[in-house]
Each structure stands twice: as C-alpha cells, then as structure tokens.
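Working notes, beginning with the structure itself.
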Amino acid sequence: MAMTPRILASSWVAWAALGAWLAAADASAPRLLTLREAAELTLAHNPSVQAVREQQEAARQVSRQAKSQQLPRLDFKESFTNGNNPIYVFGAKLTQEKFSASDFDIELLNNPDPINNIKTELTLYQSIWQGGQTQARRAMARLGEEIAAERLNQTQQQLLLEVVTHYYAIQLARQNLETVQAARRSAEASLTRIQNMFDSGLVVKSDLLRMQVHIAEVKRQLLEAENNLRLSVSALDIDTGRQLGEGFEPATPLAMRGDALPDEASLLAAALANRPEIAEMERAIAVGREQVNEARGYNRPQVGAFATFEYDQGTRSGSSGANYLLGVQLSYNIFDGMYKGAKVAEAEANTRARESQLRRLTQLIGLQVKDAYLRMSTARQQHQVAAEAVAQADESLRIMKDRYEAGMAPLTDLLNAETALTAARTSLSQAIYQYHLAHANLELAAGRLNLDSPLFQ
C-alpha cells in the first residue's frame with residue numbers, strides 16, 4: 001500500500017522530538033524518552049530507512065529515464081578529417097560546394113590530392129511508435145516507484161517492531177534489576193536475623209554459611225541484570241542513532257494495557273488490505289504484465305522521424321557547404337530465430353510465478369495473523385497467572401520467615417521461598433514484556449504498525 005501522509009511526515013515530527021529531547025539532555029534531571037519519541041528518532045535516523053529512501057530516489061530516476069524515451073533526441077557532432085581516398089575527396093568537395101569540371105580528370109579522380117574537411121552535424125530524432133514498448137517501460141518505472149514506497153513502509157514497520165522490543169527490553173531489564181535488588185535486601189535482612197540467632201545459639205553455623213552463599217548468588221544475579229540493562233540500552237542506541245547513555249530513563253512504563261483484543265477476522269481483513277508485502281507483490285505482478293507488453297512490442301513495427309543538418313568546410317576560411325536531410329523511417333524485424341516469441345513466453349511464465357507467490361504469501365500472512373493473535377491472548381492469560389503467583393510467593397515468604405524464626409521450618413524452606421518470590425516477580429515482568437511484544441507483532445501482522453498505532457499513543 002502507498003505511504004500515508006502521516007507516515008511520510010514522521011521525519012519532520014522526529015526532528016522536533018529530537019530537538020526537544022536534546023534540550024532536555026542538558027538538564028540535571030534524568031533524560032526521559034517516551035516510546036513514541038524513540039520510534040520517531042528511529043524513523044528519522046536509522047540507516048536502514050535512509051538506505052531504502054535512496055532506493056526510492058533511484059526508482060524515481062528510473063521513471064525519469066523511461067519518460068525521456070518519449071522526448072526528442074538531439075545530437076551534435078563536430079569532426080575534422082584529412083585524406084586522399086577518392087570517395088572521401090569526391091564527397092567532401094561536393095558537400096563543400098567547390099566541385100569543378102577539372103575534378104573529373106581521370107588522373108585526379110583516381111589519385112586526388114589530400115583534402116581537409118571540417119564537418120558540423122546536428123541530428124534530431126523523434127520516436128513515434130515503438131510497438132508499445134515505451135508505454136510499457138513507463139508503466140514499469142511507475143510501478144517500481146510504488147514498490148520502493150512499499151519497501152519503505154515494510155522497513156519502517158520492521159524497525160518499529162525493533163524499537164518496541166528494545167525499548168521494553170530496557171524496562172524489563174530495569175524491573176529485573178529492581179527485583180534482584182529487592183531480593184538482596186531481603187536476603188541481607190535475613191542474614192542479619194540469622195547472625196543474631198547464631199550469636200544467641202538458636203541456629204547452627206551451617207545456616208549462617210548457607211545464607212551467605214545465597215547472598216553471593218543474588219549478587220551474581222545482580223551483576224547479570226546490570227549487564228542486561230546496558231546491552232538493552234545499546235540496542236536502542238543502534239535503533240535511534242543516539243547515544244542514550246546511563247542517564248537515560250524510559251518514560252513509557254512496562255505495564256499492562258486495557259486494549260480490547262481485536263476480532264481475528266477483522267485482523268485478517270486488515271492484513272490483506274494493508275500488508276506492504278502483498279501490495280509489493282501485486283505491483284510485481286503488474287510489472288510482469290508490462291514486461292509481457294514490452295516483449296510483444298519487439299514483434300511490432302518501429303516508426304520514427306529524423307532531421308539532420310550538416311555544415312562542411314575545408315578550412316575555417318575556405319569554401320563551405322550546408323545541407324539537410326529530413327525523413328521518416330519504418331523498421332520491422334521479420335525473423336530473429338524465434339527470440340521474440342521466447343521473450344514473451346519468459347515474461348508470461350514469470351508473471352504466473354509471481355501470481356503463485358502471491359497466493360502463498362496470502363496463506364502465510366493468514367498464519368502470521370493467527371499466530372500473533374494467539375500469542376497476545378496467551379500473554380494476557382500468562383500475566384494473570386504470574387500476578388497470582390507473585391501474591392502467593394510473597395505470602396509464602398512471609399510465612400516461612402516466621403516459621404524459620406520460630407524454629408518450625410529449616411533454612412532450606414526459607415531460601416526456597418526467597419528464590420520463588422524472585423522468580424515469580426521476574427516471570428510477571430516477563431509476561432508484561434511478552435504482552436507488549438505480542439501486541440506489536442499483531443499490529444505488524446495486520447500491516448498497521450505505524451505511529452498511529454495504540455502502542456505509540
């Protein structure tokens with residue numbers, strides 16, 4: 001499908017967003033960046049978008065080339081020659097208008113003196129009819145521009161999916177880091193209580209050592225979470241073309257949205273209407289049909305008109321002559337070894353192949369829509385389960401702390417409860433992250449992942 005004005009204008013919006021963001025970067029407060037701002041920066045600065053835009057420009061130039069074939073062609077040629085070839089000398093004297101009766105002397109005709117000739121030639125040619133080839137080439141060039149626009153649309157949607165993935169990956173990494181930090185604080189508090197109980201002779205030293213080992217493991221997890229956060233920020237740096245740095249903070253929270261799950265049938269209809277891959281393939285089929293028309297044009301007569309003006313002189317100060325030639329030419333190839341017929345058959349076969357590819361593409365897109373729909377539905381259910389698990393794990397840890405301090409449960413149960421709560425909180429964050437990814441993939445499958453999507457509002 002063709003790009004909407006809002007999508008085409010996104011780069012202007014992005015420049016404004018960039019200016020505002022850079023201005024905020026000078027302040028002492030953390031630099032906040034919304035998901036939409038990250039998307040706008042990506043569409044404006046990502047090299048992939050810039051590369052496709054250059055391909056668009058190349059397609060426009062091909063279109064200009066095709067249009068130029070219907071315009072007249074004007075050639076200029078200036079030449080200097082010297083020789084004593086009898087035919088050359090005879091013709092040069094005629095065009096220079098200095099032929100005389102003495103030039104008919106047999107000896108001079110057979111062995112003429114060398115002669116100079118300075119020729120100025122101007123030729124105008126206008127193609128009148130090329131068997132429909134010119135029209136076919138113009139149509140193919142126009143379709144090439146539309147294909148380039150669809151590829152830009154597809155590239156932008158894929159990049160927006162990356163932005164959503166990496167932006168929320170930062171939020172996920174931050175939440176996981178906070179979860180591990182909370183686990184460390186809880187474990188350190190438990191260690192303090194166990195130390196006091198050990199000092200009072202209420203627990204054995206092995207409990208103290210096992211808690212210390214547990215804290216060491218939590219610290220390892222903390223380092224891993226910090227590294228994951230740095231890597232996630234670096235990934236978004238590549239998307240946006242900006243160095244966000246450690247002072248960057250995402251302003252769009254990692255939280256569940258209350259968007260209603262769309263109807264699967266309407267999603268499929270939207271995909272068939274909006275997916276740039278389908279639009280691109282439809283135009284590729286149209287290109288194939290024009291290639292058939294172009295190939296058939298080789299079997300038709302070619303008609304053109306020409307006009308030539310020549311100005312010949314022997315020297316710059318010598319005699320000279322001018323002449324012109326006007327005409328219309330018709331050309332037609334009678335037999336070429338059946339090359340043209342094979343060319344038509346090749347173009348027809350390529351067109352049928354693209355039609356089959358379109359049918360297959362339609363089937364695959366239907367499967368993508370169904371998969372994305374199920375993933376989003378599953379992500380919602382997983383979030384509910386994960387939220388319940390967090391509440392249960394939190395209550396279990398509270399109970400286990402009381403039971404351990406009362407001497408009614410071993411330390412193993414307490415450590416298991418600590419680990420279970422950390423895992424439940426991590427799973428909850430992961431479920432929310434997967435929900436946003438599923439939502440983005442569903443919008444992509446429907447061919448409507450753009451700045452107007454609810455994801456970026």
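Read-outs throughout are calculated quantities, based only on the coordinates presented, and are distinct from any laboratory measurement. None of the values given here were measured: they were computed from a predicted structure. When we count neighbours, we look across all protein chains shown, and the Cβ atoms used for this are built from the backbone with ideal geometry, even at glycine.
Some points to look at:
- As a calculated quantity, the FRET efficiency between Glu217 and Ala255 at R0 = 41 Å, using C-beta atoms, amounts to about 0.90.
- Normalised contact order of region 322-440, rounded percent, pairs of Cα under 8 Å and 6 or more residues apart: 31
- The spacing between region 431-446 and region 141-162, judged by their C-alpha centroids, is 21 Å.
- Subtracting the Cα-Cα distance of Arg185 and Glu121 from their residue separation scaled by 0.36 nm leaves 13.8 nm.
- Projected label distance in nm at Gln243 and Asn110, using a 7 Å step from Cα toward the beta-carbon: 8.9
- Intensity falloff of region 49-176 expressed as log10 I(q)/I(0), Debye formula with alpha-carbon point scatterers, at q = 0.12, 0.19, 0.20, 0.22 Å⁻¹: -0.75, -1.03, -1.08, -1.16
- Relative to the Cα centre, the charge distribution of region 130-220, modelled as +1 at Lys and Arg Cβ and -1 at Asp and Glu Cβ, gives a dipole magnitude of about 120 debye.
- Note, ³J(HN,Hα) from phi for region 131-139, Karplus 6.51, -1.76, 1.60, rounded to Hz, x at Gly and Pro: x, x, 5, 4, 4, 5, 5, 5, 5
- Expressed to the nearest 5 percent, the antiparallel share of DSSP beta bridges inside the chain is 90 percent.
- The charge dipole of region 291-353, taken about its Cα centre with unit charges on the Cβ of Lys, Arg, Asp and Glu (plus for the first two, minus for the last two), comes to roughly 160 debye.
- Over region 372-414, the fraction of Cα-Cα pairs per 5 Å bin, rounded to whole percents and listed from the shortest bin up, is 6, 22, 16, 12, 11, 9, 10, 7, 5, 2, 0.
- Estimated from helices alone, the mean residue ellipticity of the chain at 222 nm is -24000 deg cm²/dmol (sum of -39500 (n - 2.57) over DSSP H runs with n ≥ 4, per residue).
- Ranking of Leu223, Leu124 by neighbouring Cβ atoms within 10 Å, starting from the fewest: Leu223, Leu124.
- Normalised by the number of residues in the chain, the mean separation of alpha-carbon contacts (under 8 Å, six or more apart) gives a relative contact order of 24 percent.
- Positive end of the dipole of the chain (Cβ unit charges, origin at the Cα centre): among Ser48, Ala279, Leu177, the Cα lying farthest that way belongs to Ala279.
- Rg(Cα)/(2.2 N^0.38 Å) for region 235-330, N = residue count: 2.66
- The distance between label points at Ala391 and Thr378 comes to 2.5 nm (points 7 Å beyond Cα on the Cα→Cβ vector).
- Over the chain, volume per residue of the alpha carbon convex hull, in Å³: 259
- Here the gap between Glu264 and Ala101, fully extended at 0.36 nm per residue and compared with their Cα-Cα distance, gives a gain of 49.1 nm.
- Förster-model FRET efficiency, 45 Å R0, Asn227 and Ala353, C-beta, rounded to 0.05: 0.40
- Global geometry of region 284-377, whether rounded, prolate or oblate, following the gyration tensor of its Cα atoms and the 1.5 cut on a/c: prolate
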